[in-house]
1. Using a 10 Å cut-off around each Cβ, can you sort 42, 57 from fewest to most neighbouring Cβ atoms?
2. Please order 16, 78 by the number of other Cβ within 10 Å, starting at the fewest.
3. Please work out the FRET efficiency for the pair residue 91 and residue 36, using the Cβ-Cβ distance as r and a Förster radius of 22 Å; give the result to the nearest 0.05.
Amino acid sequence: MNDYRAMIHFYLNKKKIKHSHIGYRYLVEAIFIGIESPMFLTKIMKVYERVAEIYHTDAGRVGRGIRYAVSPLKMTNKEFILKAADDLCNTYRIVKRHDAEGQSAVRQTDRDR
C-alpha cells in the first residue's frame, strides 16, 4: 500500500503538482482509489465521496480542490485521475514482473480482467 502512495507522490512531483494545494492530498487519495478499485473511476463522484469521507469534508470541496491542483495541466479531474492510475498501473506491472509473488501478482491479474 505504501508503495502505491510513494509512486503516486513521485508521479505528481514529475507532473509538477504543488504540494501546497489542498487538492494534492485529495488527488493522492483519488489516484490510490483508482489503482485499488478501478471500477470507481467510471463514476468520478463516487471517488470524490470516498475521499470526502476520509478527509471529513464534502464531495464538492474534493472536486474543487483537485480541479485547482490539476488546472495548470489543462486536463479535467477525471482525465488526470484516469491517466495517472493507468500510468501507475502500467509502471507497477513492469516493476513487479520481476518479483511476482504475494498480493501484487493477484492485483496484476485482477487489473487485466
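1. Ascending number of Cβ neighbours within 10 Å: 42, 57.
2. 16, 78
3. 0.90
Read the figures in this text as sums done on the coordinates, not as results from a lab. This one's a predicted model, so the numbers in the text were calculated from it and none came from an experiment. Note that each Cβ is placed from the backbone with ideal geometry, even for glycine, and that neighbours are counted across all protein chains shown.
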